[in-house]
Amino acid sequence: MDSPEMASPATPATPVVEEKSRTPAPPSPAVVTPFAPPPPPSTPPPLTTQSILIQNETPAKQSSSLSSLSSLSESSDLSSLAASASSKATTPVDGDSSREAAAPAAGIPRLSQPASSPRRKWDVRPKVSIPPDLPLLEYAMQCVAAAEASRLNPYSLHQGEYLLLRDHISHAQVTTYLNIRNGILRLWVRNPQILVTREEAVGCAKDPRWFDVANVCFDWLVRGGYINFGCVEVRSSRRHNKQTDSPQARGKTVVVIGAGMAGLGCARQLEGLFMQYAKKFRSVGEELPQVVVLEGRDRIGGRVYSRSFKSRPKHVPAQFEGKRFTAEMGGMIITGFERGNPLNILLRGQLGLAYHLLRPETTLYDANGKPVDLHRDQLVENLYNDCLDRVSEYKFKQPASKLIEGNRDLMDEGKDSSAETHKTIRHAEESAAALPYAPSVAEQNIAPQVNLVPVSTDRATGKIHTEPGTPGALKAAHKAKMIGWALRHGVSDDADLDIESATREPGATLGSVTDKVITQYKDLLDLTAQDFRLMNWHVANLEYSNATNYHQLSLQAWDIDAGNEWEGSHSMVVGGYQSVPRGLMHLPTPLDVRQKSAVNKITYTSGSQTGPAIVTCEDGSTIEADYVVSTIPLGVLKHGNVSFEPQLPSWKSDAIDRLGFGVLNKVILVYKEPFWDESRDIFGVLRNPTNRHSLDQKDYASQRGRFFQWFNVTRTSGLPVLIALMAGDAGFDTEQTCNDDLVAEATDILRSVYGSRVPHPVEAVVTRWASDKFARGSYSSAGPDMKADDYDTMARPIGNLFFAGEHTCGTHPATVHGAYLSGLRAASEVLGAMLGPIPVPTPLVLPKDASSLLGKRKASSLLEGNKSNNHTAPTNTTTKHTAQSRLEAYETRLWDRIVTKLGPRPLPPQKPATNAYIFYSKAHYDDARKRLEAGRRPGKGGKPSANEVRVMNARMWRDAPKEVKRPFMDMAEEQKRAYGKAVEVWRAEAEEWDRRAGRVREELEREDPPPGFEGERRGGGAGLDGDGGNGEEAGVDGVRKSRVKVESYAEVESEVDEGGGEDEVGGGEEMMDVDADVEAGEGKAEGPVDEMEE
């Protein structure tokens, strides 16, 4: 989880709809590489291409065993200890931005190559999916943004793409491929309520020679879960005839165990994939596979649980009409929608759920109830981040990954590469490796290694924000002075800490080493008891993000998912996060979910992906399956509630043991009226240690996480509600403490802050997730003995048994979106086992001299289609294309003559730098570098990196007095004035040029009239190519269709009107409103409301 962006809550516009063709394309084969032969039982199987897609998952987090606590409740979903109503919950930690998948580790067999396939005939025109009225630069920007919004680097191949294409395209052709791929992503991102068809994807190619490439790319994107996922309807192909006289064989059965975000996401994705590849199944005489979801509870959502309150408000707020009054027992915060979070598509683009953007401002109150001084708070936070910076030096190094880039300049201009070479990427790499002293293939085209160091803390989620840099580069005393501390008397600027000895101690963990760092800082700085309370509040926040005491976290892997945070403000779903899994279950058609079907045994085929499997439930019933997807939580796997036949191999069971799985609990309090500061969504309370004035870290461990963080969730619950977090040791203590004692302690803390007027709550709920037999805790963490690839190991299938869940997603562990991504990955692996690899024609890109061949294929395709329809060819496509070409040539000729006569049109002036900081940073670059070198520790990489100098420059600018900043601000203002004048001159010159060009054009047209083109708008290049300037866009077969022109379904930044509720955001009428259907008892979502009532 990451802290909300410093932006006011805002209301997004109704999700955008740029209409795509609704005519489904004929399905085509799947997108994965074949599975290699099963490995020996003692080693994990090799990764498939699709597991690499989302699996660049590297480990992240762990804790102590929960078996003793779990024994408290074997059968009840509610704790027996509670004096009042209680439930179980966890708040998954969100955060992360996509990371390119790591290259296969050494020793892993190379994936077999995709099979070649016959070349397909296309009845599609080039560029039909590129709006002709959209400027090329704008189109390029939209394509790049779409890739970034889809967890992909717009300028380079994903690891899966590299493995798929390295035998088929050259380095020079990567640019064109990426333009096509990004164009397909643009179609999806701009309207995720409508499926992208194969023909639309192929229409993103600008040259018919690249049609097959676009087809392969489409398969890869569909199978990887980058497009056509979520609650989007897949319609049956119109080309499927009912003439099948021969009976079809029974379709295969996939059993998904668990109806949480991973299980429902996997099942929904499988249903969609089976529909899109229906033709493939029918071609082998099989019915479409069936998907059955087994859920042990009497509700769906798993650890996403929005529990309804018994209390009701006196007056129902307008935004809660038709919604439930709930609080989040489990997953709660969406950590930004931007740069790839799939919940952006699900929640905003498809379901249209209302959400509240969290206000990032946080107030910390000391143990005596008084607000903490902001300056002191910042000082201690900077010191805490420095402590983590120093221990970051001992983290696992990220594995090297391939970086095959396109030409950024061409891509930013929307242009393909004209370079042609017949040497494929593999050929080029192997040729280079054959040279004397050359690097091997595995060492070529490697992405630069980047070390990430902590720079700030996310108070809403406990996650650490990082930046590129060198961990522990500066001496401790020098760094302390830089961040604002005064050294103790007699302490030299060269004083440093001894961390090495602490890391060499047996059983060293993040907590043991960090405690030593904090203790040594006492010798350099005058730290007070309040400083220790503040420091331990931040430690408690870290323990919240990992659901365990930080002494149970690996020193090497505690922050292994760093760098994967999404961007944008944090948010909560109005009316309940559980609306998202409910939407996955019911839309577009209900899934086959069987509740109260607790599984206790899975029998599978370990040596092959084709074989029988049997899932046995606790009531004795069994289900035969061909494939099984287990989304069973890691805590349940650790507890051994479910047995496997045959037993899981040691490489899998050892990873289960090494990964941590902790508990975060909540105390939820409902009041008649709010008594707290309603302008804050979050506030914190510092806790005293057992010895109130102690300066010993050990004294703080048991108390620091008790009621340390509070969330005001009134805007998402519809009632005055506060949620208090119980993290670290306190999370485990909650399991064995009765509700009345917890509520009394919470009331005392609130009264210390807000006075004796604080009443007793009218309703209280306490979660106990470790006692829940279907969870056994909250979420995974990096255990002390964890290996760097343990998350990847958890994700790897065994025969026909596949795995999903947040504990299998190393890039986004312990998060709701990570669980969902793992479900997409598992669905891809299952379909890969059914259909095999993507068929790739050879050659994939036809040579330029094959244009005549393409013409023959096109004509043949049209003739065959006409014969099958039993009528003569009605099309005049060739004639229109010829006329179109003549018109384009005429316009080019006309423009050249205008430019020859008048000269080129005046270019706009280049925009200069108008930021005062830019001038300051250039003038003080050397000064910043020298400051860094002055306090640098020996052996820390020599010269400071450019990013470190940039950070130092920014700090110097921030601390500089006004008189120092003034000259640079004056320079910026002068640049702005000069630029404004230059723009005025340019506009006048451009307008005069345009007037003269218009007159010249009229003269030239009289001398040389334009060629006629029936149905074509002169000079517009429209007609069959698409938009005719009236808000229409061409369909795949040349037929215009209406296009709703809306730019984005993201929120629009605006000022917050406290009384207006502008930060409660919902979709328009076209969105799929799950809660409305549920509450009204109508539509596909009918049913799962009563399950929430207790």
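The values are calculated or read from the model by the stated rules, or taken from the named source; none is laboratory data. The structure presented is a predicted model; accordingly, all values stated were derived computationally and were not measured. Cβ: placed from backbone, ideal geometry, glycine included. Neighbour counts: every protein chain shown. These accessible areas exclude ligands, DNA and RNA; they are computed on the full protein's heavy atoms, side chains included. Shrake-Rupley method; radii C 1.70, N 1.55, O 1.52, S 1.80 Å.
How large is ³J(HN,Hα) for each residue in region 312-325, as worked out from phi by the Karplus curve 6.51 cos²θ - 1.76 cosθ + 1.60 (θ = phi - 60°), to whole Hz, x for Gly and Pro?
Working through the residues one at a time gives 9, x, 5, 10, 6, x, 4, 6, 9, 4, x, 10, 8, 9 Hz.
How much accessible surface does Arg390 have with a 1.4 Å probe, in Å² rounded to 10?
Around 0 Å² of this residue is reachable by solvent.
Please report the antiparallel percentage of the DSSP beta bridges confined to region 515-663, to the nearest 5. Numbers along the way, then the final one.
Details: 8 of 11 bridges.
Looking only at bridges with both residues in region 515-663, the antiparallel portion is about 75 percent.
Are any of the pairs Lys370/Lys698; Lys370/Lys522; Lys402/Lys930 more than 30 Å apart by Cα-Cα distance, and if so, which? Don't skip to the answer; put the middle values down first.
Working: Lys370/Lys698 25 Å; Lys370/Lys522 25 Å; Lys402/Lys930 35 Å.
The pairs that break the limit, which is 30 Å between Cα atoms, are Lys402/Lys930.
Can you give me the % of accessible surface on region 893-987 that is carbon or sulfur? Probe 1.4 Å, all protein chains present, nothing else counted. All intermediate terms of the calculation are to be shown ahead of the outcome.
Values: 3540 of 6420 Å².
Heavy-atom surface of region 893-987 belonging to carbon and sulfur, 1.4 Å probe: 55 percent.
With only alpha-carbon atoms in the gyration tensor, what are the semi-axes of the equivalent ellipsoid for region 578-653, in Å, largest first? Provide the component values of the computation, followed by the final result.
On the way: eigenvalues 120, 50, 37 Å².
That gives 24, 16, 14 Å for the three semi-axes.
So how much slack lies between Asp494 and His760, counting 0.36 nm per residue of separation and subtracting their Cα-Cα distance, in nm? It would help to have the intermediate numbers written out before the result.
Numbers: separation 266, 0.36 × 266 = 95.76 nm, distance 5.44 nm.
Contour length minus the Cα-Cα distance gives 90.3 nm.
I'd like the Karplus ³J(HN,Hα) series for region 673-688: coefficients 6.51, -1.76, 1.60, θ = phi - 60°, whole numbers in Hz, and an x wherever there's a Gly or Pro.
Result, ordered by residue: 9, x, 10, 9, 6, 6, 7, 10, 8, 9, 8, x, 10, 6, 10, 6 Hz.
If contacts are Cα pairs under 8 angstrom and at least 6 residues apart, what is the relative contact order of region 465-620 in percent? Before the final figure, lay out each step's value.
Numbers: 109 pairs, mean separation 25.1, N = 156.
Averaging sequence separation for qualifying contacts and normalising by length gives 16 percent for region 465-620.
For Gln290, list long-range residues whose amide hydrogen, built 1.01 Å from N in the peptide plane, is under 5 Å from its own amide hydrogen.
Lys252, Thr253, Val254
How many percent of the accessible area of region 364-447 is carbon or sulfur, using a 1.4 Å probe?
Working: 2330 of 4380 Å².
Result for region 364-447: 53 percent of the exposed heavy-atom area is carbon or sulfur.
Once you keep just the Cα pairs under 8 angstrom separated by 6 or more residues, what percentage relative contact order results for region 122-240? Could you put the intermediate results ahead of the total?
On the way: 120 pairs, mean separation 38.4, N = 119.
Relative contact order, region 122-240: 32 percent.
Could I have the simple spin-label model distance between Lys981 and Ile483, label points 7 Å from Cα toward Cβ, reported in nm to one decimal?
In this crude label model, Lys981 to Ile483 measures out at 4.8 nm.
Accessible area per residue for region 520-567 in Å², computed with a 1.4 Å probe and the full protein assembly in place, what is it?
On the way: 950 Å² over 48 residues.
Here the per-residue accessible area is 20 Å².
Pop out the carbon and sulfur fraction of the accessible area of region 741-797 as a percent, whole number, probe 1.4 Å. Please list the in-between numbers first.
Working: 800 of 1650 Å².
Of all accessible area on region 741-797, carbon and sulfur atoms account for 49 percent.
About its Cα centre, how strong a charge dipole does region 292-375 have in debye, to the nearest 20, once Lys and Arg get +1 and Asp and Glu get -1 at the Cβ? Before the final figure, lay out the partial values.
Working: 13 positive and 8 negative charges, 84 e Å.
Taking the Cα centre of region 292-375 as origin, the dipole is about 400 debye.
Run the dipole for region 684-825 about the Cα centre, Lys and Arg Cβ at +1, Asp and Glu Cβ at -1, nothing else charged, and hand back the magnitude in debye, nearest 20.
Values: 14 positive and 16 negative charges, 68 e Å.
Computed about the Cα centre, the dipole is about 320 debye.
Anything over 27 Å Cα to Cα? Flag those among Lys922/Lys962; Lys397/Lys773; Lys596/Lys666, in the order listed. Please report the intermediate quantities before stating the final value.
On the way: Lys922/Lys962 18 Å; Lys397/Lys773 36 Å; Lys596/Lys666 25 Å.
Checking Cα-Cα distances, Lys397/Lys773 exceed 27 Å.
Can you give me the convex hull volume of the Cα atoms of region 598-740, divided per residue and expressed in Å³?
Working: hull volume 29.5 nm³, N = 143.
Once divided by residue count, the hull of region 598-740 is 206 Å³.
Where does region 317-371 land on Rg(C-alpha)/(2.2 N^0.38 Å)?
Working: Rg = 15.8 Å, N = 55, 2.2 N^0.38 = 10.1 Å.
Relative to the 2.2 N^0.38 Å estimate, region 317-371 comes out at 1.57.
Under a crude label model (7 Å from the Cα following the beta-carbon direction), how far is Glu745 from Ala249 in nanometres?
Placing both labels 7 Å beyond Cα along the Cβ direction yields 6.1 nm.
Calculate, in nm to one decimal, what Arg692 and Ala990 gain on full extension: separation in residues at 0.36 nm each, minus their alpha carbon distance. Let's see the in-between values first.
On the way: separation 298, 0.36 × 298 = 107.28 nm, distance 7.42 nm.
That pair, Arg692 and Ala990, stretches by 99.9 nm at full extension.
In what order, largest first, do Ser752, Ser717 sit by accessible area if the probe radius is 1.4 Å?
On the way: Ser752 50, Ser717 0 Å².
The most accessible residue leads, giving Ser752, Ser717.
Starting from 0.36 nm per residue, how many nanometres of slack lie between Glu624 and Glu963 once their C-alpha separation is accounted for? Walk me through the numbers before you get to the answer.
Details: separation 339, 0.36 × 339 = 122.04 nm, distance 7.78 nm.
Roughly 114.3 nm would be gained on extension.
Please list the non-local residues whose amide H lies under 5 Å from the amide H of Gln709, H modeled 1.01 Å from N, same-chain partners needing a gap of 5 or more.
Long-range HN contacts for Gln709: Val685, Leu725.
Using a probe radius of 1.4 Å on heavy atoms only, what accessible surface per residue do you get for region 303-451? Whole Å² is fine. Before the final figure, lay out each step's value.
On the way: 6400 Å² over 149 residues.
Accessible area per residue: 43 Å².
Could you grab the relative contact order for region 273-349? Cα pairs under 8 Å, six or more apart, rounded to a whole percent. Write out the running numbers ahead of the final one.
On the way: 39 pairs, mean separation 18.6, N = 77.
24 percent.
In Å², and per residue, what accessible area does region 721-862 have when probed at 1.4 Å with the other protein chains present?
Numbers: 3530 Å² over 142 residues.
Using a 1.4 Å probe on heavy atoms only, each residue of region 721-862 averages 25 Å².
Say R0 is 30 Å: what FRET efficiency, to the nearest 0.05, do Leu1004 and Glu138 get from their beta-carbon distance?
Once the sixth-power term is evaluated, E becomes 0.55.
Could you tell me the calculated FRET efficiency between Glu413 and Arg120, based on Cβ-Cβ distance and R0 = 30 angstrom, to the nearest 0.05?
Given R0 = 30 Å and the Cβ-Cβ separation, E is 0.50.
Starting from the Cα of His465, step 7 Å along the direction of its Cβ; do the same at Asp592; then give the gap between the two resulting points in nm.
According to this spin-label approximation, the distance is 4.8 nm.
Taking a 1.4 Å probe, which of Leu388, Leu648 shows the most accessible area, and what order do the others take after it?
Numbers: Leu388 0, Leu648 30 Å².
In descending accessible area the options line up as Leu648, Leu388.
Name the residues of region 176-198 whose amide N is less than 18 Å from a point 7 angstrom out from the Cα of His427 along the C-beta direction?
It comes to 176-177, nothing else.
Top to bottom by accessible area (1.4 Å), largest first, where do Lys370, Lys787, Lys522 land? Walk me through the intermediate numbers first.
Working: Lys370 135, Lys787 110, Lys522 60 Å².
Most to least solvent-accessible, the answer reads Lys370, Lys787, Lys522.
Given the whole protein assembly as supplied and a 1.4 Å probe, what does the accessible area of Ile632 come to in Å², nearest 10?
Estimated to the nearest 10 Å², Ile632 gives 10 Å².
Using the Cα centre of region 179-328 as origin and beta-carbon charges of +1 (Lys, Arg) and -1 (Asp, Glu), tell me which of Leu270, Cys231, Val213 is placed farthest towards the positive end of the dipole.
Going by the charge dipole, the pick is Cys231.
If I take R0 = 60 Å and measure r between the Cβ atoms of Asp896 and Glu286 in this structure, what FRET efficiency does the formula 1/(1 + (r/R0)^6) give, to the nearest 0.05? The partial results should precede the final answer.
Working: r = 59 Å, r/R0 = 0.99.
The value I calculate is 0.50.
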